[in-house]
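**Student:** My questions will all concern the structure given below.
The values are calculated or read from the model by the stated rules, or taken from the named source; none is laboratory data. Treat the numbers as computed from the prediction; the structure is a model and nothing was measured. Cβ placement follows ideal geometry from the backbone for every residue including glycine, while neighbour counts extend to all protein chains displayed. Surface accessibility is based on the protein's heavy atoms, side chains included, excluding ligands, DNA and RNA. Shrake-Rupley method; radii C 1.70, N 1.55, O 1.52, S 1.80 Å.
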Amino acid sequence: MPPDPIPLRRRAPAHGLTLLAVVPAPAEEGAWEPADPAFGSELVGEGDLAALVAPAPAPGADAAPEHVTARHWEVHRALLRGDVAPAPVGIVFDSADDVRAFLAESHAALHGALDRVAGRWEFRLHVGVTEQGLARQMALDLSTHIYAELRRISAGAMTLAPAAGGVLSAAFLVERSASVAFQDRAEVLGHLNGALALDLTGPWPAYDFVHMHAVTTSA
């Protein structure tokens, strides 16, 4: 079952600060080195939490490939440093004060999200068919078995909309310390099911296990 969404009761302005993720506040003030200084990311702290933010792109530009790539690397850098609750694209605050207000107002929910992903990260699996004669129902049955096997050794799992032409897609929340064992098991399952193609990617920030949604308010 997906986690309850964290409401963001903020008006989305044309410019401001875009939210990338929420992390535990670092022990030292200003202890953040962006992956790309030109992207302008920084931490805005409030108590024991900090928001990773960057200057908001122009309206509609958040889907531009260069912005998506820069955003990914900033959040991934946070992931390599510790626990991170990633935010969806398009969450924009007017100012740093509004960011701090969000951290204060959503303190309990954000801590719940960070507790859920503590010491964990996400892997995604896409299953396709390599054997032309394999019936789709059989492919789905085999894929479901693979999903069940990997779910058993993960901290959380959910199915996703299949990739184009695929049979099954899924996300797994995996203990960082168990990542090698998880990847090894996926490789074994791939060898045991030669009629299927298993594409395992990750580790990723736990995008599918942290839900934030914007609630638009009037100016």
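**Student:** In a shell of Cβ-Cβ distance under 15 Å around Ala139, excluding Ala139 itself, what net charge do Lys and Arg (+1) and Asp and Glu (-1) give? Could you put the intermediate results ahead of the total?
**Tutor:** Values: positive: Arg136; negative: Glu131, Asp141, Asp199.
Charge balance near Ala139 sits at -2.
**Student:** Next question, about the same structure. Ignoring ligands, DNA and RNA, what accessible area per residue does the chain give at 1.4 Å, in Å²? Working shown, then result.
**Tutor:** On the way: 10970 Å² over 219 residues.
Ligands and nucleic acids excluded, the result is 50 Å² per residue.
**Student:** Highest GNM mean-square fluctuation, the chain, Cα pairs closer than 10 Å: which of Gly47, Gly202, Gly82?
**Tutor:** It is Gly47.
**Student:** If r is the Cβ-Cβ distance from His111 to Ala58 and R0 is 35 Å, what FRET efficiency results, to the nearest 0.05? Don't skip to the answer; put the middle values down first.
**Tutor:** On the way: r = 33 Å, r/R0 = 0.95.
Computed FRET efficiency for His111 and Ala58 comes out at 0.60.
**Student:** Quick check: with the 1.4 Å probe, what order do Asp97, Asp184, Asp208 take by accessible area, largest first? Intermediate values should be presented prior to the final figure.
**Tutor:** Details: Asp97 105, Asp184 80, Asp208 30 Å².
Highest to lowest solvent-accessible surface, that is Asp97, Asp184, Asp208.
**Student:** About the Cα centre of region 16-100, what is the dipole size in debye to 20, counting +1 per Lys and Arg Cβ and -1 per Asp and Glu Cβ, all else neutral?
**Tutor:** Values: 4 positive and 14 negative charges, 57 e Å.
It comes to approximately 280 debye.
**Student:** Please compute the modelled spin-label separation between Asp141 and His211, points set 7 Å along Cα→Cβ, answer in nm with one decimal.
**Tutor:** 3.2
**Student:** To continue, here is another question. Could you derive backbone 3J(HN,Hα) for region 82-93 from the dihedral phi with the Karplus parameters 6.51, -1.76 and 1.60 (θ = phi - 60°), listing whole Hz in sequence and x where the residue is Gly or Pro?
**Tutor:** Here the 3J(HN,Hα) series is x, 6, 8, 9, x, 9, x, 5, x, 8, 10, 10 Hz.
**Student:** Moving to a separate point now. Give the percent of DSSP beta bridges with both residues in the chain that are antiparallel, rounded to the nearest 5.
**Tutor:** Details: 36 of 39 bridges.
Taking every DSSP beta bridge within the chain, about 90 percent pair in antiparallel fashion.
**Student:** Please state the charge dipole magnitude for region 146-219, taken about the Cα centre, from unit charges on C-beta atoms (+1 on K and R, -1 on D and E), reported in debye and rounded to the nearest 20.
**Tutor:** Numbers: 4 positive and 6 negative charges, 27 e Å.
In debye, rounded to 20, region 146-219 gives about 140.
**Student:** Could you tell me what fraction of 2.2 N^0.38 Å the Cα radius of gyration of region 94-219 comes to, as a two-decimal ratio? Numbers along the way, then the final one.
**Tutor:** On the way: Rg = 18.4 Å, N = 126, 2.2 N^0.38 = 13.8 Å.
Ratio of Cα Rg to 2.2 N^0.38 Å: 1.33.
**Student:** Given the C-alpha centroids of region 152-188 and region 68-116, what is the distance between them in whole angstrom?
**Tutor:** Cα centroid to Cα centroid, the span is 24 Å.
**Student:** Can you show me the helix-derived [θ] at 222 nm for the chain, built from DSSP H runs with n ≥ 4 at -39,500 (n - 2.57) apiece and divided by the number of residues, rounded to the nearest 500. Can you show the working numbers first?
**Tutor:** On the way: 5 runs with 69 residues, N = 219.
For the chain, the value works out to -10000 deg cm²/dmol.
**Student:** Keeping the other protein chains in place, figure out the carbon and sulfur percent of the accessible area of the chain, with a 1.4 Å probe. Intermediate values should be presented prior to the final figure.
**Tutor:** Values: 6020 of 10970 Å².
Roughly 55 percent, rounded to a whole number.
**Student:** Amide H neighbours of Ala21 under 5 Å, counting only residues 5+ apart in sequence or on other chains, H built in-plane at 1.01 Å?
**Tutor:** For Ala21, whose amide H was placed from the backbone, the distant partners under 5 Å are Leu52, Ala87.
**Student:** Right, next: Please give the contour-minus-distance gain from Ile153 to Ala35: 0.36 nm per residue of separation, less the Cα-Cα distance, rounded to one decimal in nm. All intermediate terms of the calculation are to be shown ahead of the outcome.
**Tutor:** Numbers: separation 118, 0.36 × 118 = 42.48 nm, distance 3.23 nm.
Extra length from Ile153 to Ala35 when fully extended: 39.2 nm.
**Student:** Can I ask one more? Skipping prolines and chain starts, which residues have an amide H placed within reach, meaning under 5 Å, of the one on Ala155, given they are 5 or more residues away or on another chain?
**Tutor:** Leu173, Val174, Glu175
**Student:** Say each of Leu134 and Ala161 gets a label point 7 Å from the Cα, pointing the same way as Cα to Cβ; how far apart are those two points in nm?
**Tutor:** It works out to 2.4 nm between the two label points.
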